[in-house]
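To start, the structure under review is shown below, and the notes come after it.
The values are calculated or read from the model by the stated rules, or taken from the named source; none is laboratory data. Because the structure is a prediction, the values reported are computed rather than measured. When we count neighbours, we look across all protein chains shown, and the Cβ atoms used for this are built from the backbone with ideal geometry, even at glycine.
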Amino acid sequence: MPTITYIEHNGTAHPVDVPVGKTVMQGAVDNNVPGIDADCGGECACATCHVYVDAAWLDRVGLPEAGSQEASMLSFAAVTQPDSRLSCQIEVTDALHGLVVRMPEGQH
Amino acid sequence: MTNPNPKVVILGAGHAGGTAAAELRRAGFTGPITLIGDEPIPPYERPPLSKAWLKGETDAGKLALKPAAFYETANIDLRLNTTATAIDREARTVTTGNSETIPYDLLIIATGARARRIPLPGLDLANVLELRNAADADKLKAVLTPGARLAVIGGGYIGLEAAASARGLGCEATIIEREPRVLARVACETLSNFFQDYHRTQGVTIDVNAQVAALHGTDGKVSGVRLSDGTLIPCDAALVGVGAVPNQEIAADAGVDCNNGILVDLSARTSDPAIFAIGDCTHRPIPLYERSMRLESVPNALEQARAAAAAICGKPIPAPEVPWFWSDQYDLRLQIAGIPFDTDRIVVRGDIAAGKFALFHLKDDGTVQAVEAVNASTEFMGGRRIIQKRLKLDPARIADMSVTMQALAAG
């Protein structure tokens, strides 16, 4: 099972095994990882599962397409960066084993 | 707080209660947590019950807030099939239906709301249903076989969503609404009309200004809804969705202040400092609108669960959020940010006829109080920011699609 490491804004790392097919957001919610709220439950409608994708993984994870719903939601999130993603839109695959994401200071 | 590890008891294992337990652990709380729920299953999401669940598009695992193993892993004592019957505030105990006494240092009441019951002859007939929990949804699902006729009493969100799902399952659906339009309590006339028209094009019959007089039955089973003008609407099942009442009795009986909900402050604390209340059962302040009210919504349950967890852990209470709501019907996603208090102007952005638009509700000084968005998530999300920032906007700019929502939200 792929391991995803979620790093809180304060630096605390949470390595978690997430089944293939779940989203990076679900992996955090299922394991009660602090820093990802996911208020809308994964509908890409609230921007409270915002993460920064580690530079080494950006190629594999990719960025939201211009004009996509995710890009639109992210444009209203607090403190976005060029490596910002909504974790409900990243599906876990074997290729993402070892993925590192960091959480922003807040989701609201 | 003198006790660094108080014992927390949570009454109600719904979306609010389940989230409070998880949020306490996320916030680093290490004391004992007991989560008491009267349903047979661990906390789950209720919104899909009238939609994906009815249509068989989701499963129990996806509905669950957390994986089954979570509660044991997180050391949360989850007690299902357990009803709390009384709170003794002096002794700081909760009594359950099987006469067990559970002590607490801090109590979180998350008892939710129940379907409003209207006094109607025939309410006890078989297949007269309501929709609040998974057991209700399973009963409804069982009667929604292709060709079945569903009468929906009450044109609110639950009624409209159930009617849409029923159509999707090949059933006939009639919505019976007492007011002149559906969603009368919760949406503006433009939006009501849009949804009414859409449902009708989807084959739903909508009777407005219609007063139900009685439910008729054959062999103990509902067979029709009689209106006060004598009309009989034949049906195989009737869903009554005429609002909800807060489950506040256990608090009120213990002397906790209640007034159309358990009264709480922004940290979700009640009139008893050792007792918090969260979710649909509460009546809470909304500083944004300088009011207090009940908010029956998942976002409110989540916000208050976090507030209570923060208060219990001695952390800062997160800033209050702009209230928001959503509803999915057919291929329509309705998202509402804010509540249109004191507004006298509606600005349309987008194309109502094309089913992709947002209605901005403005006060006379241009302050945006609420945004109702249909298939327009960007308008919804931008609307939340605009409302949060108390922006005053020029109606002409709002209506101008060449001005982006990002630009509008920037002020």
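Starting from the stretch B:217-233, keep only residues that are assigned by TED's automatic domain parsing to the domain that holds B:Asp207, then list their pairs with residues that are among the basic types (Lys, Arg) whose Cβ atoms are within a distance under 7 Å, requiring at least 6 positions of separation or different chains.
That search, which allows pairs on different chains as well, returns B:Leu232/B:Arg226.
When residues of the stretch A:61-98 are filtered for being more than 12 Å from the chain's Cα centre (by Cα), assigned to a helix (DSSP H, G or I) and among the hydroxyl-bearing types (Ser, Thr, Tyr), how many remain?
Looking only at that region, the number is 1.
Can you list the strands (runs of 3 or more DSSP E) found entirely within the stretch B:1-90 that contain at least 3 residues being under 26 Å from A:His14 (Cβ atoms) and not assigned by TED's automatic domain parsing to the domain that holds B:Glu161?
Per the criteria, B:33-36, B:76-79.
Answer yes if at least one residue in the stretch B:306-313 is buried (at least 17 other Cβ atoms within 10 Å of the Cβ) and under 27 Å from B:Leu54 (Cα atoms), and no otherwise.
No, the conditions are met nowhere in the stretch B:306-313.
For the stretch B:390-402, give me the residue count where each residue is surrounded by 15 or more Cβ atoms within 10 Å (Cβ to Cβ) and away from chain A (no Cβ under 14 Å).
Selection size over the stretch B:390-402: 3.
Give me the residue from the stretch A:15-43 that is among the aliphatic types (A, V, I, L, M) and touching a Cys at 6+ places or on another chain (Cβ under 9 Å) and, out of that set, farthest from the other protein chains (Cβ to nearest Cβ).
Only one residue fits best here, namely A:Val24.
For residues in the stretch A:44-60 being facing chain B (nearest Cβ under 8 Å) and more than 12 Å from the chain's Cα centre (by Cα), which is surrounded by the most Cβ atoms within 10 Å (Cβ to Cβ)?
Among those residues, the one meeting the criterion is A:Cys46.
Which residues, counting only those in the stretch B:45-62, are under 20 Å from B:Leu169 (Cα atoms), surrounded by 17 or more Cβ atoms within 10 Å (Cβ to Cβ) and touching a residue at least 24 places away in the same chain (Cβ under 8 Å)?
Those that are under 20 Å from B:Leu169 (Cα atoms), surrounded by 17 or more Cβ atoms within 10 Å (Cβ to Cβ) and touching a residue at least 24 places away in the same chain (Cβ under 8 Å): B:Arg46, B:Pro47, B:Leu49, B:Ser50, B:Lys51, B:Trp53, B:Leu54.
Which of (1) modelled with pLDDT under 95; (2) crowded, with 17+ Cβ neighbours inside 10 Å does B:Met1 not meet, given it meets every other one?
Failed condition: (2).
Filter the stretch B:366-383 down to the residues that are of a type in the set (Gly, Ala, Ser) and touching a Gly at 6+ places or on another chain (Cβ under 8 Å) and list them by number.
Within the stretch B:366-383, B:Ala370, B:Ala373, B:Ala376, B:Gly383 qualify.
Going through the stretch B:175-193 one residue at a time, which ones are within 16 Å of B:Tyr330 (Cα to Cα) and in a strand (DSSP E or B)?
B:Ile175
Within the stretch B:92-111, which residues are touching a strand residue (DSSP E or B) at 6+ places or on another chain (Cβ under 8 Å) and of a type in the set (Gly, Ala, Ser)?
Those that are touching a strand residue (DSSP E or B) at 6+ places or on another chain (Cβ under 8 Å) and of a type in the set (Gly, Ala, Ser): B:Gly97, B:Ala110.
Here is a check on your reading of the model: is A:Arg102 surrounded by 21 or more Cβ atoms within 10 Å (Cβ to Cβ), farther than 22 Å from B:Gln388 by Cα and more than 13 Å from chain B (Cβ to nearest Cβ)?
It is false that A:Arg102 is surrounded by 21 or more Cβ atoms within 10 Å (Cβ to Cβ), farther than 22 Å from B:Gln388 by Cα and more than 13 Å from chain B (Cβ to nearest Cβ).
Each row is one residue, and each column tells you yes or no for (1) touching a residue at least 60 places away in the same chain (Cβ under 8 Å); (2) away from chain A (no Cβ under 11 Å); (3) among the β-branched types (Val, Ile, Thr).
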{"site": "B:Gly314", "(1), (2), (3)": "yes, yes, no"}
{"site": "B:Tyr330", "(1), (2), (3)": "yes, yes, no"}
{"site": "B:Asp364", "(1), (2), (3)": "no, yes, no"}
{"site": "B:Arg384", "(1), (2), (3)": "yes, no, no"}
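Yes/no matrix, rows are residues, columns are (1) surrounded by fewer than 18 Cβ atoms within 10 Å (Cβ to Cβ); (2) in contact (Cβ under 8 Å) with a residue 24 or more places away in the chain:
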| position | (1), (2) |
| --- | --- |
| B:Ala319 | yes, no |
| B:Leu334 | no, yes |
| B:Arg349 | no, yes |
| B:Gly355 | yes, yes |
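I'd like to know if the stretch A:74-85 contains one or more residues that are among the β-branched types (Val, Ile, Thr) and crowded, with 18+ Cβ neighbours inside 10 Å.
No, that holds for no residue.
Go through the stretch A:2-32 and report how many residues are surrounded by fewer than 15 Cβ atoms within 10 Å (Cβ to Cβ) and without any contact (Cβ under 8 Å) to a residue 60 or more places away in the chain.
6
In the stretch A:61-99, which residue that is within 14 Å of another protein chain (Cβ to nearest Cβ) and small (Gly, Ala, Ser) is nearest to B:Phe380 (Cα to Cα)?
Among residues in the stretch A:61-99 that are within 14 Å of another protein chain (Cβ to nearest Cβ) and small (Gly, Ala, Ser), the one nearest to B:Phe380 (Cα to Cα) is A:Ser72.
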